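S.K.: Here it is: the structure, laid out below.
Laboratory data are not the source of any read-out in this text; all were calculated from the coordinates shown. All values derive from a computational prediction rather than experimental measurement. Quick reminder, even Gly has a Cβ in these numbers, built from the backbone with ideal geometry, and neighbours come from all protein chains shown.
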Ligand SMILES: [Zn+2]
């Protein structure tokens, strides 16, 4: 009871902060995303509903308003005539398709890759419903792209409010997230569902993963843009990351020699380093020290930066340097799994690369050359998490499809 009261109080406080920004997002329609659709009551209700109920509610809204959204169930990879069903409970995995099937942009928006992180199933719904509204920008996007929204990649994880792990025989189990158990899990070959996509043997992936993969690559796609929406729900994370803002991970294929250079460079974090970076920029003879300086004018990085700048422009908080500064002060820093390249922008780092860990967006990038993004949202207020992720999709469609640019 006390916890609920506290959450409500904090939600309200943050909503007040959000509303104080230049644009009042609670009644703002950007022309792509209608932020007024983000409703705290709806979010509170989502906490209590089951996966089939969530899909049913969405279907009813679509039918009632005759919206151009197709509910496509993912087929079983072993039998293309049958819908894939989870074992147990027999849940089907649905995608929401909209836009032009003949378009060159094939866009995937994935929510609830990790079952316990279900707030972005709601973001997926907000995005789908927003895109059905009238307006020239939406028309342009829907004419030039075909969009597949996967609101919950793991319905059983949704059900158990936890995440899936897959062993080398392709069997899935669902456990609460315990960071310190990672090495034990690895010993038995259990790994996080998101990293199973990179396994060389198809047989070592689970049937659910193989069915999703086959659907996105062969039936819908292959994707040209893959976005994966996450939230941090680990116990205690709110104490440290409470209102850390939105973090964007750019999955981009850099050749090995460029990767080596990137991992040897630094992110200008302190004021001293930022001044140093500026001075180096003014002096063409200075040697290379900072990642951002090296990647300047790189098209993939520039677009990612532009998406981040758009999000900031809406008055939405992005992942702040202070968290990196705290990390740097910690005495037990291990190998980095991600490398910071600019404020709130990261790429997969040495740990991922050395261990050969390939996440879903990397996998689609490798197989179909798509651009991949993962976002992490941390805010205590769930409405703000949805807002952040919706703004990310807003910015991504602008920069990747409409080729807008934000300084
Ligand atoms: Zn996640």
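S.K.: Multiplying the sequence separation of residue 276 and residue 289 by 0.36 nm and subtracting their Cα-Cα distance, what value in nm do you get?
M.R.: Working: separation 13, 0.36 × 13 = 4.68 nm, distance 0.94 nm.
Fully extending the segment from residue 276 to residue 289 adds 3.7 nm.
S.K.: Further question on the same structure: Fewest first, what order do 247, 234 take by the number of other Cβ atoms within 10 Å? Intermediate results must be reported in sequence, preceding the final value.
M.R.: On the way: 247 25, 234 13.
Least to most surrounded, the residues fall as 234, 247.
S.K.: A follow-up question, please. Label residue 336 and residue 104 with points 7 Å out from Cα along Cα→Cβ: what is the distance between them in nm?
M.R.: Distance between the two pseudo-spin positions: 3.5 nm.
S.K.: Taking square-rooted eigenvalues a ≥ b ≥ c of the alpha carbon gyration tensor, is segment 114-253 rounded, prolate or oblate, where a/c under 1.5 means rounded and, failing that, a/b exceeding b/c means prolate? Write out the running numbers ahead of the final one.
M.R.: Details: a/c = 2.19, a/b = 1.36, b/c = 1.60.
Oblate, since a/c reaches 1.5 and b/c is not below a/b.
S.K.: What is the gain in length, in nm to one decimal, between residue 366 and residue 140 on full extension, counting 0.36 nm per residue of separation less the C-alpha to C-alpha distance?
M.R.: On the way: separation 226, 0.36 × 226 = 81.36 nm, distance 2.82 nm.
Extending this stretch completely gives an extra 78.5 nm.
S.K.: Take peptides 43-54, 335-346, 356-367 and line them up by average Cβ neighbours within 10 Å, highest first, as a rough protection proxy. Please list the in-between numbers first.
M.R.: Details: 43-54: 15.2, 335-346: 19.3, 356-367: 21.2.
Sorting 43-54, 335-346, 356-367 by mean packing, highest first, produces 356-367, 335-346, 43-54.
S.K.: A follow-up question, please. Which of 307, 93 comes first, and how do the rest follow, when ranked by fewest Cβ neighbours within 10 Å? Before the final figure, lay out the partial values.
M.R.: Working: 307 27, 93 24.
Starting with the residue having the fewest Cβ neighbours, the order is 93, 307.
S.K.: Another one. What full-extension length gain, to one decimal in nm, is calculated for residue 263 and residue 57 as 0.36 nm per residue of separation minus the Cα-Cα distance? Numbers along the way, then the final one.
M.R.: Details: separation 206, 0.36 × 206 = 74.16 nm, distance 4.64 nm.
Gain on stretching residue 263 to residue 57: 69.5 nm.
S.K.: As an exercise, use a Förster radius of 60 Å and the Cβ-Cβ distance of residue 23 and residue 203 to find the FRET efficiency, rounded to the nearest 0.05. Please list the in-between numbers first.
M.R.: Numbers: r = 50 Å, r/R0 = 0.84.
For residue 23 and residue 203, the calculated efficiency is 0.75.
S.K.: Next question. Counting just the Cα atoms, what span does the chain cover along each of its three principal axes? Round to the nearest Å and put the largest first.
M.R.: In descending order, the Cα extents are 63, 52, 50 Å.
S.K.: From the square roots a ≥ b ≥ c of the eigenvalues of the alpha-carbon gyration tensor of segment 248-327, which class results: rounded (a/c under 1.5), prolate (a/b over b/c), or oblate?
M.R.: Verdict is oblate for segment 248-327.
S.K.: Could you list 144, 211 so that the one with the fewest beta carbons within 10 Å of its beta carbon is first and the one with the most is last? All intermediate terms of the calculation are to be shown ahead of the outcome.
M.R.: Numbers: 144 14, 211 22.
Ascending Cβ contact count within 10 Å gives the list 144, 211.
S.K.: So, one more: Roughly speaking, what is the centre-to-centre gap between segment 324-399 and segment 48-81 when only Cα atoms are used, to the nearest Å?
M.R.: After rounding, the separation between the Cα centres reads 28 Å.
S.K.: Restricting to the chain, what percent of DSSP beta bridges are antiparallel, rounded to 5?
M.R.: On the way: 28 of 50 bridges.
Expressed as a percentage, antiparallel bridges in the chain total about 55.
S.K.: In nanometres, what is the gap between the two model label sites at residue 240 and residue 402, each 7 Å from Cα along Cα-to-Cβ?
M.R.: With each label point 7 Å from Cα toward Cβ, the separation is 3.8 nm.
S.K.: To continue, here is another question. At 222 nm, what helix-only mean residue ellipticity would the chain give, in deg cm²/dmol to the nearest 500, using -39500 (n - 2.57) for each DSSP H run of four or more? All intermediate terms of the calculation are to be shown ahead of the outcome.
M.R.: On the way: 17 runs with 165 residues, N = 407.
Mean residue ellipticity at 222 nm (helix-derived): -12000 deg cm²/dmol.
S.K.: Right, something else. Hey, what did segment 22-401 get for relative contact order, percent, Cα under 8 Å, at least 6 apart? Walk me through the numbers before you get to the answer.
M.R.: Values: 678 pairs, mean separation 77.4, N = 380.
With pairs under 8 Å counted, the relative contact order is 20 percent.
S.K.: While we're here: Under a crude label model (7 Å from the Cα following the beta-carbon direction), how far is residue 325 from residue 83 in nanometres?
M.R.: Simple spin-label model gives 5.2 nm for this pair.
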